[in-house]
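Reading through the structure tokens given below for one structure.
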Amino acid sequence: MSALLTTVSAAGPIAHHWSFGPGPWLFILVPLFWFLVLGLVFALVGRRRWRRHGPMSTRSAEATLAERFAQGDIEEVEYRARLEVLRANRAS
């Protein structure tokens, strides 16, 4: 019995061999966690921005066409023809 106690006391406590403290995996998991959090934030902000300022809508196309007509870039006949095409495409 004394030989067993001597071996245990010389080797240290058994819990020392099963320590669950921060290991080398902590240096991988913490940056990975923050990359995921930041990626999620950027994805949500980008998606929100895309919805707000996404592809050109029909309204902005009509506004651009009206601006070109007002500046004299296109004639009235061409303006009305293009406006009719825009409105026909919007309905379908």
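The values are calculated or read from the model by the stated rules, or taken from the named source; none is laboratory data. Because the structure is predicted, anything quoted here is derived from the model rather than measured. All Cβ positions, glycine included, derive from the backbone under ideal geometry; neighbour counts span all protein chains shown.
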Contact list, first residue from region 72-90 and farther than 13 Å from residue 61 by Cα, second anywhere and not hydrophobic (A, V, I, L, M, F, W, C), beta-carbon distance below 7 Å, six or more apart or interchain, is 74/68
Can you tell me which of 27, 35 is of a type in the set (A, V, I, L, M, F, W, C), under 40 Å from the mean Cα position of the chain (by Cα) and modelled with pLDDT under 90? 27
Condition first: more than 18 Å from residue 87 (Cβ to Cβ) and either among the polar types (S, T, N, Q) or at pLDDT 90 or above (or both). Now tell me which residues in region 44-72 satisfy that. 70, 71, 72
